[in-house]
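What follows draws every value from the coordinates through simple rules; no lab data is involved. This structure is a prediction, so every number in the text was calculated from the model and none was measured. Neighbour counts run over all protein chains shown; Cβ positions are idealised from the backbone, glycine included.
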Amino acid sequence: MSLQIPKAKNAETLVKAEALFQLVAECGQRGITLAELHKHSGLPRSTVYRVLSAWQYLEWLETSTNNGRSECWRVSDKLLKFAHQHRRNALSQTTQSHYFPMTEDEHMEFDFQKKQRSDVAVKAVNLFHLVATKDLAGKTLDELQYLSGYSRSTTYRLLCTWERLGWLKSIAVDGRTEKWFISSKLLELAHQHRRETLAQVKKIETDYQQMTGEVLI
């Protein structure tokens with residue numbers, strides 16, 4: 001497990017925060033302790049805790065206690081639910097089945113009262129969710145600037161940082177207009193959670209069969 005923080009003066013805070021988020025996400029549902037994150041990241045313990053607390057405030061991370069271990073940090077159920085919804089929408093677009101748009105109310109679950117804060121992480125996550133709301137059709141820079149209320153330069157800088165980190169992508173849709181879309185990292189969260197859950201189910205089925213001689217249905 002390693003922490004690689006790209007150099008970026010204008011969005012260094014977001015880049016460091018995302019790198020720590022990735023360390024947590026790599027550990028899946030078993031989670032990772034503050035001490036482990038401090039060790040693997042090489043960052044000061046106070047910095048690690050401050051960044052984790054910011055992600056918790058933004059409801060991308062949460063804490064839990066597993067098997068008597070110290071408090072562990074893991075990806076929040078709310079973000080996983082959001083990721084799975086995006087996965088269903090991506091599949092429905094491929095199969096032309098029913099589409100499950102994210103409503104404005106669901107978007108507000110994430111940014112309730114958070115616009116009152118002006119730090120980079122809050123702005124960045126709010127912008128990310130604005131890209132993800134409603135459909136998979138993408139949004140232009142003008143639309144995102146209007147919806148977020150941020151300056152054009154701030155909006156564009158944060159979008160470019162998300163793109164560099166692999167969470168968003170920009171596509172020229174008509175040779176002139178650039179639109180922003182959710183990239184693969186959100187889908188990766190859903191796929192990882194699905195694999196872990198299936199492995200847990202398989203273990204339960206195996207343990208039950210070994211114990212009872214019966215197949216668990």
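Each residue of segment 185-202 was assigned a 3J(HN,Hα) from its phi angle through the Karplus curve 6.51 cos²θ - 1.76 cosθ + 1.60 (θ = phi - 60°); the sequence is 5, 5, 5, 4, 4, 5, 5, 5, 5, 5, 4, 5, 5, 4, 5, 5, 4, 4 Hz, with glycine and proline shown as x. Using θ = phi - 60° in the Karplus curve 6.51 cos²θ - 1.76 cosθ + 1.60, the 3J(HN,Hα) couplings for segment 171-178 round to 9, 7, 7, 9, x, 10, 7, 9 Hz; x is entered for Gly and Pro.
For E26 and T177, the FRET efficiency from 1/(1 + (r/R0)^6), where r spans their Cβ atoms and R0 equals 35 Å, is about 0.45.
Summing charges over neighbours of E188, with a neighbour being any other residue whose Cβ is under 12 Å away from its Cβ, gives +3 when K and R count +1 and D and E count -1.
Bin by bin, in steps of 10 Å, what percent of the Cα pairs in segment 113-217 do you find, going until the bin that has the longest distance? Here the calculated profile for segment 113-217 is 13, 34, 20, 12, 12, 8, 1.
A full extension of the chain between E71 and R50 corresponds to an added length of 6.0 nm, given 0.36 nm per residue minus the alpha carbon distance.
Checking the cross-link pairs K16/K202; K81/K202; K139/K202 against a 30 Å limit on the alpha carbon distance flags K16/K202; K139/K202 as lying beyond it.
Couplings 3J(HN,Hα) for segment 74-81, derived from phi with the Karplus relation 6.51 cos²θ - 1.76 cosθ + 1.60 (θ = phi - 60°), are 8, 5, 5, 4, 5, 5, 5, 4 Hz, where x marks Gly and Pro. Length gained on full extension, M211 to K81: 43.5 nm, using 0.36 nm per residue less the C-alpha separation.
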